[in-house]
Amino acid sequence: MRLELKGDWYIERLTRDEIHGHRIKKRLAAVRTKYQNAEVVDTHDYGRCLFLDGLVQSTAADEFIYHESLIHPALLLHPRPENVFLAGGGEGAPLREALKHPPVKRLTMVEIDRDVVALARRHLRAWHKGAFRDKRVEIHFQDARSSLASNPESYDIIVLDLCDPGEPGPARKLFTVEFYRLLRRRLRRGGIVVLQAGSANVNMLSGFSAVFQSLRRVFPSVLPYLSCVPAYVGPWAFILAGGSSLAAVPGRKLLSRRFSARGLEGRLRFYSPEIHSSLFVLPAYIRRALERGRPASDRKILRSNR
């Protein structure tokens, strides 16, 4: 059966054999940056959306699920996250969520694509809510790996809100064992790394498993977790990594005390101390897939580029 689509549609190609579509109300902006194609459109079901290189990056309807899942587990597990490093996050929503934690005194954001931030400032105000102008925020437009390699500063939290693992391009070097070793050197005692690890859908687990195995080569504790983001068509993967003392669920009372002390009650739409423990419960087929993953290295990337 051939389906005829009426109206203006944005079609994502998720894999070679799977697509997903959004019917568009209005196309607002499109720019070809130095690194990618970026578009902002208003859709019928998900509201305003940001697309990067033909894939949905963020939607008004459910971006809060993704960004609260990315930011709050790590920051709540840390007793005092004062100095935070964010790689990526051009929409500004990770800044918005991290700045809700009063202990945060400094937040360094390194985003390679200046044009995406400019697009977000103008068209995605509901995402950043002015966070780019917060006095605690420093923004640098450069490569995250080069920034961390050249700056000896250490951090309580490192957040990687990057493209999906396995995608072609320069960001591949941000998913290797060598890069994760650099991250470990930049963590303060008790520090935590958190990153988005791509789709955990049944046909798209290879990136998630490779990141998991790469992190295990470097960090004593590697804790994968999942959240369902509807626009991403299936469960989405995240991973915490840190020292041996890092625990996915340190105790409901402790999380609840920190949640309350930081004034987060009533300010979040998805994440809570009650939700926290459930995020780390993985089905058996995903746990098996993670064990089959192969770590990525700079050497493998160099060979594949030849």
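Every read-out reported here was derived from the displayed coordinates using simple, explicitly stated rules and does not represent laboratory data. It should be emphasised that the depicted structure is a prediction, and the values quoted were computed from it without experimental measurement. With ideal geometry, Cβ positions are generated from the backbone for all residues, glycine too; neighbour counts draw on all protein chains shown.
Values computed for the structure shown
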| read-out | value |
| --- | --- |
| Net charge contributed by nearby residues that have their C-beta within less than 12 Å of Q213 (K/R +1, D/E -1) | +3 |
| Order of F51, F280, F238, F175 under a 10 Å beta carbon neighbour criterion, fewest first | F280, F51, F238, F175 |
| Counting DSSP beta bridges with both ends in region 150-269, the antiparallel % (nearest 5) | 75 |
| Relative contact order [Cα under 8 Å, 6+ residues apart], region 126-240, whole percent | 24 |
| Efficiency of FRET from Cβ geometry, D53 and L3, R₀ 25 Å, rounded to 0.05 | 0.55 |
| Cross-link pairs K34/K173; K34/K135; K105/K173; K26/K173 - those with Cα-Cα distance over 24 Å | K34/K135; K105/K173; K26/K173 |
| H20, H78 arranged by Cβ crowding within 10 Å, fewest neighbours leading | H20, H78 |
| Debye, to nearest 20: dipole size of region 9-58, +1 on Lys, Arg Cβ, -1 on Asp, Glu Cβ | 260 |
| Between region 246-306 and region 50-67, the Cα center-to-center distance that results, in Å | 19 |
| Antiparallel %, DSSP beta bridges [both residues in region 63-305], to 5 | 40 |
| Trypsin sites (Lys or Arg not before Pro) lying in DSSP loop within region 210-305, provided at most 16 other Cβ fall within 10 Å | R217, R267, R269, R292 |
| Label point at A61 placed 7 Å out along Cα→Cβ; residues across region 1-32 whose backbone nitrogen lies under 15 Å | 9-12, 20-26 |
| Net lengthening on full extension, S256/R181 (0.36 nm per residue, minus Cα-Cα) | 23.8 nm |
| FRET efficiency, E291 to I11 (Cβ-Cβ, R0 35 Å, nearest 0.05) | 0.50 |
| Sites V233 and I275, calculated FRET efficiency, Cβ-Cβ separation with R0 30 Å, nearest 0.05 | 0.90 |
| Radius of gyration and Dmax over the Cα atoms of the chain, both given in Å | 18.7, 59 |
| Positive minus negative residues near P250 (Lys, Arg vs Asp, Glu; Cβ under 12 Å) | +4 |
| Virtual spin-label span in nm between S221 and E167, 7 Å along Cα→Cβ | 3.0 |
| Ellipticity estimate at 222 nm from DSSP helix runs (n ≥ 4, -39,500 (n - 2.57)) divided over the chain, nearest 500 | -8500 deg cm²/dmol |
| Region 9-58 - convex hull of the alpha-carbon atoms, volume per residue in Å³ | 70 |
| Tail beyond 15 Å, pair distance distribution of region 242-306 (Cα, percent) | 70 |
